[in-house]
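As structure tokens, the structure follows; a few thoughts come after it.
Computed from the coordinates by the stated procedures, all read-outs in this text should not be read as laboratory data. Given the structure is predicted, the values throughout are model-derived calculations rather than measurements. In this analysis, Cβ positions are derived from the backbone assuming ideal geometry, glycine residues included, and neighbour counts consider all displayed protein chains.
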Amino acid sequence: MKRIGILTSGGDCQGLNASIRGVSKTLYHHYGDNVQIVGIIDGYRGLINGEAKELSREDLSGLLTRGGTILGTSRQPFKLMRVIDEDTMVDKVAAMKENYKKLKLDCLVILGGNGTQKSANMLSQEGLNVVSLPKTIDNDLWGTDMTFGFQSAVDIATQVIDCIHTTATSHGRVFIVEVMGHKVGWLTLYAGIAGGADVILIPEIPYDINSVIRTVQRRNEMGKNFSILAVAEGAVSKDIAALPKKKKKQAMAEMVYPSISYQIAAEIEEATGQETRVTVPGHFQRGGSPDAYDRLICTRFGVAAANLIINKDYGKMVALKGTEIVAVPLSEIAGKLKEVPPDCEIVKQAKDLGISFGE
Ligand code: F6P
């Protein structure tokens, strides 16, 4: 009897359950009743504390469209993984290895984003059989063209911009839609273009507020009495971006506004006199059912992960390269962030369209 553990870690997103289904359905198809799926509860925390449950076929049915994760998730920062917990004195890495053994696992399937993949790589180097899947609405995982969750989040953020468009037009207002993404701007870039934003601000392209204001004023001169800005949570001004790391952190911590969007809104309103509002869809972007694209890619990732297990090809993350699903060694991707290259084709095309990046 094969025993395969599955855990979901980090911020949730659409498609986690669809991926779990893809892995288990393929394993059942191959091994029949000779496989037991073991769900680890609440991500790495469950593996550290030995919290797991054997899942039946019924538990794993009806998952294709279900949002969230049936296993629960938690954030366990990679940088603390090797730090002994002062209160409990628990050695987390040793505990995870011990529980893997206690649960008699043949392999552990890990679904997660950047930090999760770093920990997956560590566990693989510690000798556990690990296979992983790329999850995050941020699409910032190195080694894959696409992460699951991203397209569903793009759909939601785009719908928000669509709705904001109608009210912005009615009132002749400037609207900022703050899109998730502290470190990278893929989600803001895609939703911004799909939603027809006039300005897109992302962390990778620091903005000059005067340039943003000029865009709004130019639109007014052209008779367009409203403007839509898609702004990433992590958008940063050129002044702040130029600061050394420590000072930059301090400047951000000292910001008097709840987020950068509110500061930009205040600056636009002051310079133009035009009413400027902020909409923050927040975790809405991670909720609900996966869209058709994510259902498909989660299923394909799941099948590919199961095949890695069947072939005992461990220490890899399944990934999308062009239109093919491939497997990349965890050691190659761990710790690398896939940012938006400021000169990439999609940014150039957005600029050709007249979208401002506030440069
Ligand atoms: O990594 C996914 C993500 O949704 C980011 O886009 C966002 O900045 C962050 O998680 C929010 O984290 P939390 O759910 O812990 O508030």
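Taking the number of other C-beta atoms within 10 Å as the exposure measure, put F78, F284, F357 in order starting with the fewest.
On the way: F78 18, F284 14, F357 23.
Lowest to highest Cβ neighbour count: F284, F78, F357.
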message: If packing is taken as the average count of other Cβ atoms within 10 Å, what order do 88-94, 175-181 fall into, highest mean first?
response: 175-181, 88-94
task: Show me 153-164, 236-247 ranked by packing, highest mean number of other Cβ atoms within 10 Å first.
output: 153-164, 236-247
message: Give me the one-decimal nm value for the distance between modelled label points at T169 and C344, 7 Å along each residue's Cα-to-Cβ direction.
response: 3.0
field: Under the Karplus curve 6.51 cos²θ - 1.76 cosθ + 1.60, θ = phi - 60°, whole-Hz ³J(HN,Hα) for the range 262-279, x wherever Gly or Pro sits
entry: 5, 5, 4, 4, 4, 5, 5, 4, 5, 6, 10, x, 8, 4, 10, 10, 10, 10
- line: Ranking T167, A319, V236 by how far each Cα lies towards the positive end of the charge dipole of the chain (+1 on Lys and Arg Cβ, -1 on Asp and Glu Cβ), the top one is A319
- prompt: How would you classify the range 153-286 from its alpha-carbon gyration tensor, with a ≥ b ≥ c the square roots of the eigenvalues: rounded for a/c under 1.5, else prolate if a/b is greater than b/c, otherwise oblate?
  reply: oblate
- line: Phi angles of the range 211-218, converted by Karplus (6.51 cos²θ - 1.76 cosθ + 1.60, θ = phi - 60°) into ³J(HN,Hα) in whole Hz with x for Gly and Pro, give 5, 4, 4, 4, 4, 5, 5, 4
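I'd like the FRET efficiency for D87 and E126, computed as 1/(1 + (r/R0)^6) with the beta carbon distance as r and R0 of 22 Å, rounded to 0.05. List each step's numbers first, then the result.
On the way: r = 24 Å, r/R0 = 1.07.
Using R0 = 22 Å, I get an efficiency of 0.40.
Where does the charge balance sit around I84 when Lys and Arg score +1, Asp and Glu -1, over other residues with C-beta under 12 Å from its C-beta?
Values: positive: R82, K92; negative: D85, E86, D87, D91.
So the environment of I84 carries a net charge of -2.
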task: For I176, list long-range residues whose amide hydrogen, built 1.01 Å from N in the peptide plane, is under 5 Å from its own amide hydrogen.
output: L229, R277, V278, T279
query: Taking the mean number of other Cβ atoms within 10 Å as a proxy for protection, how do you rank 319-332, 129-142, 61-74, 288-301 from highest to lowest?
result: 129-142, 288-301, 61-74, 319-332
query: Do any GluC sites (Glu not before Pro) in the range 251-291 lie in a DSSP loop with no more than 13 other beta carbon atoms within 10 Å, and if so, which?
result: E254
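With r as the distance between the Cβ atoms of R3 and A251 and R0 = 56 Å, compute the FRET efficiency 1/(1 + (r/R0)^6) and round to 0.05. Please report the intermediate quantities before stating the final value.
Values: r = 51 Å, r/R0 = 0.90.
That gives a FRET efficiency of 0.65.
Using 0.36 nm times the number of residues separating K104 and D239, minus their current alpha carbon distance, what extension gain do you get?
Numbers: separation 135, 0.36 × 135 = 48.60 nm, distance 5.42 nm.
Gain on extension, K104 to D239, equals 43.2 nm.
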statement: the chain: Kirkwood hydrodynamic radius (Cα pairs, Å) comes out at 21.6
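So, with +1 on the Cβ of K and R and -1 on the Cβ of D and E, and no other charges, what is the size of the charge dipole of the chain about its Cα centre, to the nearest 20 debye?
On the way: 41 positive and 41 negative charges, 175 e Å.
Value, rounded to 20: 840 debye.
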- request: Past 26 Å, Cα to Cα, is the threshold; run K25/K104; K92/K338; K249/K316; K183/K316; K79/K336; K118/K246 against it and keep the listed order.
  value: K92/K338; K249/K316
task: Using a cut-off of under 14 Å, list every residue of the range 21-40 whose amide N is near the label point 7 Å from the Cα of I310 along the Cα-to-beta-carbon line.
output: 22-35
- prompt: Hey, what did the range 113-157 get for relative contact order, percent, Cα under 8 Å, at least 6 apart?
  reply: 29
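If you take every residue apart from T147 with its C-beta less than 10 Å away from the C-beta of T147, what net charge results, scoring Lys and Arg +1 and Asp and Glu -1? The partial results should precede the final answer.
On the way: positive: K135, K338; negative: D138, D140, D145, D294.
Within the 10 Å Cβ shell, the charges total -2.
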